């Protein structure tokens, strides 16, 4: 309850991306050994792990979430090297902008990819790492969801559906894995990260204006919610923590 994670080990899938890197850095700053999960860019993940300090205890781990064999190998690696896992952050995700009314624009291939990575991948990561999380008796899974799962407003229809499914997984596993593993969703609205920075400025300005708090979130605010889930909200499981500035109110 002191806000630190000294002695704990955390794995962040997609841990070198914009939000993932902020989560990784925040967890490292509070004492955790951070395993920076990556799917393809090992150099980027390794460079981030090095920047986290900790005398080399942080490192990159291949966690291609749409490949269960790779996840099982990662779990075996973490068991052999670290001997424990206290926190799994399911941050890896994918999307592409397609207007919701453009039914033909959202291809079968994109639907399958989004659901494979965002839904099946998150579940597969929990499945692979559950034995390690359970062994310590206080494991925690934090799924990085989205307000799109609640509002149905997001980059495309399949993305919204994938985040609604992820919140459903959070509720189901919060019950199924208790009391040894807690499961929570952190649900941001628009975040000032790599994806938002690729969007037109007027679009982002409009999103901020439609948010009661008058701006979009910073990556650090998402990371703070993950940290709170790990250190302060110790009697919470199977629920969704909003980091959306009140967006569903509008």
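All of the numbers you see were taken from the coordinates with simple rules; none came from a lab. It should be emphasised that the depicted structure is a prediction, and the values quoted were computed from it without experimental measurement. Note that we place each Cβ from the backbone using ideal geometry, even for glycine, and neighbour counts take in every protein chain shown.
Residue 14 fails exactly one of the following numbered conditions: (1) under 18 Å from residue 126 (Cβ atoms); (2) assigned to a helix (DSSP H, G or I). What is the number of that condition?
Looking at each condition in turn, residue 14 falls short on (2).
Look at segment 189-213 and say how many of its residues are assigned to a loop (DSSP other than H, G, I, E, B), more than 19 Å from the chain's Cα centre (by Cα) and surrounded by 11 or more Cβ atoms within 10 Å (Cβ to Cβ).
5
Looking at segment 42-67, which of its residues are in contact (Cβ under 8 Å) with a residue 40 or more places away in the chain and either out of contact with any strand residue (DSSP E or B) (no Cβ under 7 Å at 6 or more places or on another chain) or over 22 Å from residue 6 (Cα atoms) (or both)?
Hits for segment 42-67 are 63, 65, 66.
Of the residues that sit in segment 131-180 and are closer than 21 Å to residue 64 by Cα and more than 16 Å from the chain's Cα centre (by Cα), which one is surrounded by the fewest Cβ atoms within 10 Å (Cβ to Cβ)?
131
For residue 85, all conditions in the list (1) more than 15 Å from the chain's Cα centre (by Cα); (2) without any contact (Cβ under 8 Å) to a residue 60 or more places away in the chain; (3) buried (at least 22 other Cβ atoms within 10 Å of the Cβ); (4) part of a loop (DSSP other than H, G, I, E, B) hold save one; what is the number of the exception?
(2)
Please specify each residue of segment 29-53 satisfying the condition of being assigned to a helix (DSSP H, G or I) and out of contact with any helix residue (DSSP H, G or I) (no Cβ under 6 Å at 6 or more places or on another chain).
29, 42, 43, 44, 45, 46, 47, 49, 50, 51
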